[in-house]
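S.K.: Attaching a single structure in structure tokens format; questions to follow.
Here, each number is a calculation from the coordinates, and none is a lab measurement. As the structure is a prediction and not an experimental result, all values here were calculated from the model. Note that each Cβ is placed from the backbone with ideal geometry, even for glycine, and that neighbours are counted across all protein chains shown.
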Number of protein chains: 2
Amino acid sequence: MSEALKEAQKAKEADEVPVGAVIVAGNKIIARAHNLTERLTDVTAHAEMQAITSAANAIGGKYLMDCILYVTLEPCVMCAGALSWSQVGTIVYGAADSKRGFTLIDKNILHPKTQVISGVLANQSELLLKEFFANKRK
Amino acid sequence: MSEALKEAQKAKEADEVPVGAVIVAGNKIIARAHNLTERLTDVTAHAEMQAITSAANAIGGKYLMDCILYVTLEPCVMCAGALSWSQVGTIVYGAADSKRGFTLIDKNILHPKTQVISGVLANQSELLLKEFFANKRK
């Protein structure tokens, strides 16, 4: 998760909402990504979406059942839907998203075999986001 | 919708699940896309996702509130989540998706201002999909 936080930090430096993600397979990071919605002018450019695409490219297959996604913020419905299609093995996320988190809609959006671990380095993840939005409001 | 069906036909010819989408703004088609999950080895490469990215690129902005998306199949949760972020004005879809359609989870995934029209050229859209999967099972 500390590697995902580094990605979130990169997003912050690029004036993007600071969310970062990495995907691990066999103890190796196969994808790193951070939010790029502003730079790409594209609402679909969330960290998780890019990480899924990048990881599939790295392993040469669409399905990520042997992979772990680490992401600093709870995935939104779009990302949870994408993670469902990917059949990702495990999702580890940091801060809960009280506005757009997928668990607000339905925890069963994910693939039934996907395991979820929440709250890992949640304080650091949340602090990055809070500082970012506090600066935006200044 | 007949233009979206043409896109779905292209998907079929490329041995992709035949779903097509177009996005219209001001009576002009600004984006065309069809499912490319196999060719791109990417579960996120649904017709709608590509159409959203392409339309945002065409108008130079992330938000599609003045646009209409036509898609031959009911969007899945991932695509509905993306359409929510895009704040698309109207979604017109063809066939209902009884397995992965977003309405099975929650109709409120979409942005509250998005209008939805369903069942347009649904028979043609469904026939394309049924024939595709029947051929796959042969």
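Residues are listed down the side, and each one gets a yes or a no for (1) in contact with a Ser or Thr (Cβ under 9 Å, 6 or more places away or on another chain); (2) closer than 23 Å to residue B:135 by Cα; (3) within 14 Å of chain A (Cβ to nearest Cβ):
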position: B:21; (1), (2), (3): yes, yes, yes
position: B:26; (1), (2), (3): no, no, no
position: B:64; (1), (2), (3): yes, no, yes
position: B:79; (1), (2), (3): no, no, yes
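S.K.: For region A:80-101, give me each residue that is surrounded by fewer than 24 Cβ atoms within 10 Å (Cβ to Cβ) and more than 9 Å from residue A:114 (Cβ to Cβ).
M.R.: Selection gives A:85, A:92, A:96, A:97, A:98, A:99, A:100, A:101.
S.K.: Cβ contacts < 8 Å: first residue surrounded by fewer than 18 Cβ atoms within 10 Å (Cβ to Cβ), restricted to region B:5-34; second residue in a loop (DSSP other than H, G, I, E, B), any location; separation 6+ or different chain. Result?
M.R.: Pairs that qualify, where the first residue is surrounded by fewer than 18 Cβ atoms within 10 Å (Cβ to Cβ) and the partner is in a loop (DSSP other than H, G, I, E, B), are B:9/B:18; B:14/B:36; B:14/B:38; B:14/B:39; B:15/B:38; B:25/B:64; B:25/B:66; B:26/B:66.
S.K.: In region B:82-95, which residues are among the small types (Gly, Ala, Ser) and in contact with a strand residue (DSSP E or B) (Cβ under 6 Å, 6 or more places away or on another chain)?
M.R.: Answer for region B:82-95, where residues must be among the small types (Gly, Ala, Ser) and in contact with a strand residue (DSSP E or B) (Cβ under 6 Å, 6 or more places away or on another chain): B:89, B:94, B:95.
S.K.: So is residue B:47 surrounded by 18 or more Cβ atoms within 10 Å (Cβ to Cβ) and either within 24 Å of residue A:106 (Cβ to Cβ) or within 12 Å of chain A (Cβ to nearest Cβ) (or both) or not?
M.R.: Taking the combined requirement at face value, the residue satisfies it.
S.K.: Let me ask something additional. Return a yes/no flag: does region A:89-100 have any residue that is in contact with a Lys or Arg (Cβ under 8 Å, 6 or more places away or on another chain) and within 14 Å of another protein chain (Cβ to nearest Cβ).
M.R.: no
S.K.: May I pose another question? Inside region A:62-79, can you point out the residues that are buried (at least 24 other Cβ atoms within 10 Å of the Cβ) and of a type in the set (A, V, I, L, M)?
M.R.: Listed by number, the residues that qualify are A:64, A:69, A:71, A:73, A:77, A:78.
S.K.: So in region B:102-136, with the set limited to residues that are in a helix (DSSP H, G or I) and within 14 Å of another protein chain (Cβ to nearest Cβ), which one is nearest to residue B:15 (Cα to Cα)?
M.R.: B:102
S.K.: Quick one: residue B:54 ticks every box in (1) within 11 Å of another protein chain (Cβ to nearest Cβ); (2) surrounded by 19 or more Cβ atoms within 10 Å (Cβ to Cβ) except a single one, so which number is it?
M.R.: (2)
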